[in-house]
Amino acid sequence: MTNSESTAKSQNVSRWELRELVRSQLQALLEQENFRGAKALLVPVQPADIAEAIEGLPDTMQGIAFRLLPKNEAIEVYENLDSTVQQALIEDFKRQDLIDIVDKMSPDDRARLFDELPAKIVRRLLEQLSLQERQATALLLGYEAQTAGRIMTPEYVALKENWTVERALDHIRAQADLSETVYYLFVTNYARQLTGILSLRQLVISRPEQTIGEVMTREVVSAHTGDDQEDIARMIQRYDFLAVPVVDTEDRLVGIITVDDVIDILEAEATEDIYALGGLQSGGDNYFQSNLIDVARKRVVWLSVLLLTNTVTTAVIRSQEDIFEKVVVLASFIPLLIGTGGNVGAQSSTVVIRGLNTDEIQLKDSMQVIRREAIAGAFLGLMLGLVVTLWAYFLQGGTESALPVAITIGISLFGISVLASSAGAVLPFLFQSLKLDPALMSAPFITTVVDVLGVLLYLNLARYILGL
């Protein structure tokens, strides 16, 4: 046990604190050029934690730390590194060092790396790979990005129905090191078409003389190469799979997708949705490692749309200037009303967008969901409206002339709440029906729409109730 792990256990620190401790000790040892001590420090540390420790080092030290790793461990650590660090190491490596690592990566991880690299480097690396690995990588790169074909691995164990259990076990022993997983075993016919599946547990508890056809399950849930990666993630989540087989248009087994790949997909999809909810365009890049010019370019698109939309609010207010000339106090409550309306709308859009993205609700449920959100908005408006009416009345000194203004504000808030919650539910469904990502109908956009409609409602109610 290393000093870092002993200290961590004695202090009962979190995994994050342990990784930070490893990083700081690793950096100190490298600064002292104590490479033997740095190598010993990393021996008991998990590859994923080593990857994070290397990512936290200064750029000049990352290549040095990586070269201290044994070759077998270096492959797994490299697969866990951020793509920007992978690219930096590629430029720093000697060619043979690089080829040895890339050649031994799993094909799906290698394909993801190649997606991030310039085409010139990819061509050079492909030429240096072994024939088998080059063919496996070319297969994956031939499918569209973010599809099952692109993220699958062609490294799996395939069995035949007429094999005995004993023969199958011998085959697994021979192929285990070359396969992504042996917990799920797939059965194919002479044309490589998927005919069944069984678990390693089923195989082990079966009698040696039984055939695979007698113990396998013929009802197989599979994915197609063109299926969206997010649909695959939901499939594995729904059925609690460790891996799902992927077939082509002729039902031939071409690869598998494992649960560890799905975790990466879910994280990426969640990040993309969160960015969209904030009115940002991620483009699949790491936001905090992007060029500032690119960051500004991605953010300015939605901000420009919102800016133009907000000019409509300004136009509405300018068209009702006569009301403010007669009752100036009405202007002071506009931020309160549109701010509350925007918050109510953002809450409704958030729950609806999340429900659509997780398939908890469908397009066919739209009327029921919209009605539910409208009723919720009415309850919120009633509660908030009563509070604001009293607050507005006392803010104006509690005079008799203050009562109509307070009532106007309270009724307006009620109407804006209903309007905002309804709009927050309707607009994501509208985007879904247009085959667009509901997350694009983000909180900033909902807020801006509610601002325009809320101000229009407020000023027209004021004109009616106050007789202006």
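Go through the range 13-45 and report how many residues are outside any helix (DSSP H, G or I) and over 14 Å from Gly56 (Cβ atoms). Break it down stepwise before answering.
Here is the first cut: in the range 13-45, the residues outside any helix (DSSP H, G or I) are 13-14, 32-34, 43-45.
In the following step, the residues that additionally are over 14 Å from Gly56 (Cβ atoms) were identified as 13-14, 32-34, 43-44.
Count: 7.
Within the range 396-404, is even one residue over 29 Å from the mean Cα position of the chain (by Cα) and modelled with pLDDT of 85 or more? Yes, there is a match, as at least one residue in the range 396-404 is over 29 Å from the mean Cα position of the chain (by Cα) and modelled with pLDDT of 85 or more. Selection over the range 195-243 of residues that are touching a residue at least 24 places away in the same chain (Cβ under 8 Å), assigned to a helix (DSSP H, G or I) and closer than 17 Å to Lys160 by Cβ gives a count of 5. Residues in the range 162-183 that are surrounded by fewer than 16 Cβ atoms within 10 Å (Cβ to Cβ), touching a residue at least 12 places away in the same chain (Cβ under 8 Å) and of a type in the set (D, E, K, R): Glu166 alone. Selection of first residues in the range 408-433 that are buried (at least 23 other Cβ atoms within 10 Å of the Cβ) and of a type in the set (S, T, N, Q) and of second residues that are at pLDDT below 90 and not in a helix (DSSP H, G or I), restricted to Cβ pairs under 7 Å at least 6 apart or on distinct chains, gives the following pairs, ordered by first then second residue: Thr408/Leu466. Scan (1) surrounded by 19 or more Cβ atoms within 10 Å (Cβ to Cβ); (2) under 27 Å from Asn80 (Cα atoms) for the single condition Phe186 breaks and write down its number. Result: Phe186 passes all but (2). On the stretch given as the range 251-303, residues that are at pLDDT below 65 and in a helix (DSSP H, G or I) total 4. A count restricted to the range 428-450 and to residues that are modelled with pLDDT of 85 or more and touching a Ser or Thr at 6+ places or on another chain (Cβ under 7 Å) stands at 2.
Being β-branched (Val, Ile, Thr) and closer than 11 Å to Leu159 by Cβ is a property that Ile197 has. Being at pLDDT below 85 and among the aliphatic types (A, V, I, L, M) is the requirement here; does Val327 meet it? Criteria met by Val327. For the range 28-70, a tally of residues being loosely packed, with under 14 Cβ neighbours inside 10 Å and β-branched (Val, Ile, Thr) returns 2.
With part of a helix (DSSP H, G or I), over 25 Å from the mean Cα position of the chain (by Cα), within 30 Å of Arg238 (Cα to Cα) and not assigned by TED's automatic domain parsing to the domain that holds Ile232 as the only criterion, which of Ile353, Ile370, Ile375, Ile409 stands out?
Ile370
Check whether at least one residue in the range 56-70 is under 28 Å from Gln229 (Cα atoms) and modelled with pLDDT of 85 or more, and report yes or no. Within the range 56-70, not a single residue is under 28 Å from Gln229 (Cα atoms) and modelled with pLDDT of 85 or more.
In contact with a Lys or Arg (Cβ under 7 Å, 6 or more places away or on another chain), more than 18 Å from Asp260 (Cα to Cα) and part of a helix (DSSP H, G or I): is that true of Val122 in this structure? No. Residue-level check: of (1) hydrophobic (A, V, I, L, M, F, W, C); (2) under 22 Å from the mean Cα position of the chain (by Cα); (3) assigned to a helix (DSSP H, G or I), Ile361 misses just (3).
Answer yes or no as to whether Tyr239 is more than 20 Å from Ala136 (Cβ to Cβ) and among the aromatic types (Phe, Trp, Tyr). Spelling it out, Tyr239 is indeed more than 20 Å from Ala136 (Cβ to Cβ) and among the aromatic types (Phe, Trp, Tyr).
Can you pull out the residues in the range 151-187 that are part of a helix (DSSP H, G or I) and not assigned by TED's automatic domain parsing to the domain that holds Glu214?
Taking the range 151-187 and keeping what is part of a helix (DSSP H, G or I), we get 151, 165-178.
Ile151, the sole residue that qualifies.
For Leu356, state whether it is at pLDDT 80 or above and closer than 25 Å to Val426 by Cα. Judged against the criteria, Leu356 is a match.
Return the pair list, or none, for Cβ contacts closer than 7 Å from residues in the range 306-320 that are surrounded by fewer than 16 Cβ atoms within 10 Å (Cβ to Cβ) to residues that are charged (D, E, K, R), at least 6 apart or on different chains. From residues that are surrounded by fewer than 16 Cβ atoms within 10 Å (Cβ to Cβ), the pairs are Asn310/Asp451. Screening Ile323, Ile317 for residues that are within 41 Å of the chain's Cα centre (by Cα) and among the β-branched types (Val, Ile, Thr) leaves exactly one candidate, Ile317.
The values are calculated or read from the model by the stated rules, or taken from the named source; none is laboratory data. Because the structure is a prediction, the values reported are computed rather than measured. Neighbour counts are summed over all protein chains in view; Cβ atoms, including those assigned to glycine, are modelled from backbone coordinates with ideal geometry.
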